[in-house]
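The values are calculated or read from the model by the stated rules, or taken from the named source; none is laboratory data. Since we're looking at a predicted model, the values are computed, not measured. As a convention, Cβ positions derive from the backbone with ideal geometry for all residues, glycine included, and neighbour counts pool all protein chains shown. Protein only, heavy atoms only, side chains kept; ligands, DNA and RNA dropped before computing areas. Shrake-Rupley method; radii C 1.70, N 1.55, O 1.52, S 1.80 Å.
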Amino acid sequence: MDASTHFLKPPAARAAALLARLKRVPGARYWAALCLVLISLWVRLLLSPYLASGYGYTCFYPGVILSAYWLGARPGLMAAGLSTVIVYNFMGPAPFSFPTDGRAMVSLGFFLVSSLLLIHVLSTIRARLNTLTTRHAQVEALAMGQAELFRDHAQRTTDHLQLISAILQLRAREEADPFVSRVLTNAASRTLVISRTHREFTGGGDRYIPFEAFARKLVEAAAARGGVPSARVSIAVGARDVPLEQATSLGLVLLEYLNTLKAQRGAVALAVTLDEDGQERSLNLVVTDGEGPAPADMPLFEAITEQLGGRLLITRGAAGGSVRITFPVEIKAADLWNPVAVSLH
């Protein structure tokens, strides 16, 4: 943290940070209490022409109070003891002699009793505040943890709904009966709308994520489950962020492709790229070493491509294979419903 950041903090935050550093230095609290007593002595000497002899302790109360509140009970007791020694050994009518007159004894007793009461009260308040601060931090950490769990659960639910929408759309394309196909298409559209509404509710509607880091995590997760080793997957996306909904769809495509490659015999190598020209993005999955999967092995790709509002190109040859999905930069709107008398959704 630089100096400019430090001075931008509120005074209370700076004081709390300074006290936290003092607690980590052995004996620093007692030296700080001594400094407060010396400041009180300086103020007392400065005001001595205006104070009567019976007010010797008046200027030392702030040092005792601040020592007890900021530094703790023991530094506060030390400050009270030093103040007593200074007043009666250096500022009294007879230096280095204990007072015997009643007025001086009353002043001494009142200062000591009131200092002890102040130290006790302030130490109790300080301990209660520390306890409240600790409990508040625990409750805040628990609330943040629960909120993070909720966001994670909401994100998983949204992704699952998006996948279900794609599967329903796929089944609608494969269905021979026009009526059932229409019902499934309506269900897919409604599920996608629910997914997007859920994403908006959880604050992820306008969220963009770096696709390269996201793709690397997916490749590592697939490799841990026996898929293509991550060392044989090259990802060249660059610092390109994509909307969360599109990233979910592209992630499903990548995982599905890695899944199909896992069934191929021998080692394979995969190159992943994501291009953009301002109007469209293109995800390219190219097998550079080995035999790529057949188009029939990837039925989900057409549904996801349709959900993105894009075009799909799958090639397969002796030297490998590739999948290219080109889709608009803007997220495609959900299909309009074509209501029927009976709905499956």
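Computed values, structure above
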item	result
Carbon and sulfur %, accessible surface of region 59-192 computed with the full protein complex present, 1.4 Å	68 percent
Average projected area [Cα convex hull, region 166-233], square nanometres	6.8 nm²
For region 115-255, alpha-carbon Rg over 2.2 N^0.38 Å	1.71
Share of carbon and sulfur in the accessible heavy-atom surface of region 219-285 [1.4 Å probe, %]	46 percent
Region 34-81 - Rg and Dmax from Cα coordinates, angstrom	11.0, 33
Neighbourhood charge, 15 Å Cβ-Cβ cut-off, centred on E174 and excluding it, Lys, Arg +1 and Asp, Glu -1	-1
